[in-house]
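Take a look at the structure below.
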Amino acid sequence: MNLLEGIYTRRSIRQFTHQPVDRELLIEIIKAGIWAPSGLNNQPWRFVIVRSDEMRKELAKNTRYNFTIERAAACIAVFADKSVMYNDVKDHQSMGACIQNMLLVAHALGLGAVWLGEVLKNADAVRLLLSLPENMELMAVVAIGHPASDKHSSKRKNLSEVLLKEL
Ligand SMILES: Cc1cc2nc3c(=O)[nH]c(=O)nc-3n(C[C@H](O)[C@H](O)[C@H](O)COP(=O)(O)O)c2cc1C
């Protein structure tokens, strides 16, 4: 899959089969996240792989997308390390780039994934569940698995709605 095809065919996947996902693939997804650009190359991202049924069940209690976390083969909780951050906006932008890389590579590997942000309402509870210190700020939970179906549509605004000017 080339990059353009990957960008245009990626969809948020929320339903998964029961097939497990190899650890190597999860590591590949994290490596893709690590290769995102970051301001001053400070690489603020930190990751926790959550695979066990027991832990995913606990994690799922923190979001109304609990079904997605429960059915996923694995989740990767993505944190920003506040102790290395230097600019709120720029560090959060770097984190977005990291998470997008992860989604694209999950797709390129034939997996399905979704960026879960609603769980941030319980960011502290998730951090404590994963026994992490206060400097770890939850950015997202990425749920990953083998897609239950390959029929997923998504819409985007027309270019004319978002392209403000061409000077
Ligand atoms: C910051 C952010 C937070 C999101 N949070 C959730 C979420 O909590 N639950 C969910 O199912 N999808 C979530 N999504 C996925 C979006 O709903 C999805 O990207 C959007 O509807 C477009 O669909 P597509 O990714 O299939 O193109 C989130 C995406 C982003 C970028």
>> Over the chain, with a Gaussian network built from C-alpha contacts below 10 Å, which listed residue (56, 64, 127) shows the highest mean-square fluctuation?
In response: 64
> Toward the positive end of the charge dipole of the stretch 19-167, about the Cα centre and with charges on Cβ (Lys, Arg +1; Asp, Glu -1), which of 62, 47, 162 goes farthest?
Replying inline: 162
>> With +1 on the Cβ of every Lys and Arg and -1 on the Cβ of every Asp and Glu, and nothing else charged, how large is the dipole of the chain about its Cα centre, in debye rounded to the nearest 20?
In response: 440
>> If I take R0 = 35 Å and measure r between the Cβ atoms of residue 40 and residue 124 in this structure, what FRET efficiency does the formula 1/(1 + (r/R0)^6) give, to the nearest 0.05?
In response: 0.80
> Based on the alpha-carbon gyration tensor of the stretch 1-66 and its eigenvalue square roots a ≥ b ≥ c, which shape applies: rounded if a/c is under 1.5, prolate if not and a/b is larger than b/c, or oblate?
Replying inline: oblate
>> Placing unit charges on C-beta atoms (Lys and Arg positive, Asp and Glu negative, everything else neutral), compute the dipole magnitude of the stretch 62-101 about its Cα centre in debye, rounded to 20.
In response: 120
> Which residue, 110, 33, 145, has the most motion in a Gaussian network model of the chain that connects Cα atoms within less than 10 Å?
Replying inline: 110
> Taking the stretch 1-69, which chymotrypsin sites (Phe, Trp or Tyr not before Pro) meet the DSSP loop condition and have no more than 16 other C-beta atoms within 10 Å?
Replying inline: 35
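Are there any helices in the chain, counted as whole DSSP H runs, that stretch 20 Å or more along their axis by Cα and score at least -0.5 on average by Kyte-Doolittle, and if so which?
Helix filter hits for the chain: 88-108.
Could you order 131, 149 so the one with the most accessible surface comes first? Probe is 1.4 Å.
131, 149
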>> Using Cα-Cα distances under 8 Å and only pairs 6 or more residues apart, what relative contact order does the chain have, in percent?
In response: 33
> Using the beta-carbon distance between residue 161 and residue 19 and R0 = 35 Å, what value does 1/(1 + (r/R0)^6) give for FRET efficiency, to the nearest 0.05?
Replying inline: 0.35
> HN-Hα J couplings of the stretch 159-165 from phi, Karplus 6.51/-1.76/1.60, θ = phi - 60°, integer Hz, Gly and Pro as x?
Replying inline: 3, 5, 7, 10, 7, 6, 8
> If you find the alpha carbon centre of the stretch 20-45 and of the stretch 53-122, how far apart are they in angstrom?
Replying inline: 12
>> Report the Rg/Rh value for the stretch 10-167, based on alpha-carbon coordinates and the Kirkwood definition of Rh.
In response: 0.99
>> Could you tell me the calculated FRET efficiency between residue 52 and residue 149, based on Cβ-Cβ distance and R0 = 25 angstrom, to the nearest 0.05?
In response: 0.45
>> Classify the stretch 62-121 from the C-alpha gyration tensor, please: rounded if a/c falls under 1.5, else prolate or oblate depending on whether a/b exceeds b/c.
In response: oblate
> Taking 0.36 nm per intervening residue step and subtracting the Cα-Cα distance, what contour gain separates residue 134 from residue 9 on full extension?
Replying inline: 41.3 nm
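The values are calculated or read from the model by the stated rules, or taken from the named source; none is laboratory data. As the structure is a prediction and not an experimental result, all values here were calculated from the model. Neighbour counts are summed over all protein chains in view; Cβ atoms, including those assigned to glycine, are modelled from backbone coordinates with ideal geometry. For accessibility, only protein heavy atoms count, side chains too; no ligands or nucleic acids. Shrake-Rupley method; radii C 1.70, N 1.55, O 1.52, S 1.80 Å.
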